[in-house]
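Scroll down for the structure; my scribbles are underneath it.
The values are calculated or read from the model by the stated rules, or taken from the named source; none is laboratory data. Keep in mind it's a predicted model, so treat the numbers as computed, not measured. Every residue, glycine as well, gets a Cβ built from its backbone with ideal geometry; the counts of neighbours run over all protein chains shown.
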Amino acid sequence: MIAKETKLKGCFILEPSVFEDERGYFFESYNQSKFNKLINREINFVQDNQSFSTKGVTRALHYQFGEYAQAKLVRVLQGRVLDVAVDLRKDSPTFKQHVAIELSEENQKQLFIPRGFAHGFVTLSDTAAFFYKCDNFYNKEAEGGIIYNDKSLNIDWKLPEDQLKVSDKDKVLPSFENAEI
């Protein structure tokens with residue numbers, strides 16, 4: 001596996017070594033020791049989550065704050081998504097900047113998103129199964145979010161606005177300017 005740091009410090013794209021033959025493929029999707037060496041820090045994941053979505057489903061932009069902040073390691077088991085991480089670290093030179101990467105069952109890439117980031121994705125294929133590890137337990141009282149179409153973030157979700165399927169809860173998230181960060 002190789003790790004490439006994105007323009008956002010501490011946020012990494014991970015590409016596994018995939019071994020393919022006529023039977024299919026095999027790869028090691030996670031190894032704590034190797035992972036920690038690749039990103040040069042100790043992460044202890046404590047919770048795994050999985051979602052299934054249809055084309056256009058937009059789950060964004062979410063984060064946990066304070067002592068419940070979460071780092072995430074995300075990947076797609078089936079289908080294709082555009083995955084987005086937004087830097088919320090006020091002391092970061094890339095504060096308010098984002099990265100967007102396509103994750104798919106074909107490219108097997110993963111994205112490591114450290115604490116202090118908002119995260120979201122949109123499903124680009126007919127369906128997608130999305131999997132992620134978290135280094136802290138979910139806490140409803142520490143839940144935060146930013147509206148997916150915040151003009152100041154200018155995120156290109158790769159689908160027309162009328163094709164995005166956004167939950168009622170996500171439609172009323174605050175702008176970046178008004179979010180509790």
### Message
Report every pair of residues separated by at least 6 positions or lying on different chains whose Cβ atoms are under 8 Å apart, first residue within region 77-104 and without any contact (Cβ under 8 Å) to a residue 40 or more places away in the chain, second small (Gly, Ala, Ser) and surrounded by 18 or more Cβ atoms within 10 Å (Cβ to Cβ).
### Response
ASP83/ALA100; ASP83/GLY120; ARG89/GLY116; SER104/GLY79
#### Entry: Subset of region 78-94 (residues that are over 14 Å from the mean Cα position of the chain (by Cα) and over 18 Å from LEU8 (Cβ atoms))
GLN78, GLY79
### Task
Take the residues in region 1-16 that are surrounded by 11 or more Cβ atoms within 10 Å (Cβ to Cβ) and more than 26 Å from LYS96 (Cα to Cα), then tell me which one is modelled with the lowest pLDDT.
MET1
#### Entry: Residues (exposed (fewer than 13 other Cβ atoms within 10 Å of the Cβ), without any contact (Cβ under 8 Å) to a residue 60 or more places away in the chain and either touching a helix residue (DSSP H, G or I) at 6+ places or on another chain (Cβ under 9 Å) or not in a loop (DSSP other than H, G, I, E, B) (or both)) located in region 142-181
GLU161, ASP162, ASP168, LYS169, LYS171
### Query
Among the residues of region 88-103, how many are surrounded by 19 or more Cβ atoms within 10 Å (Cβ to Cβ) and farther than 20 Å from PRO160 by Cα?
1
#### Entry: All positions within region 17-71 that are touching a residue at least 24 places away in the same chain (Cβ under 8 Å), surrounded by fewer than 16 Cβ atoms within 10 Å (Cβ to Cβ), at negative phi and not in a loop (DSSP other than H, G, I, E, B)
LYS34, GLN47, ASP48, ASN49, GLN50, SER51, PHE52, THR54, GLU67
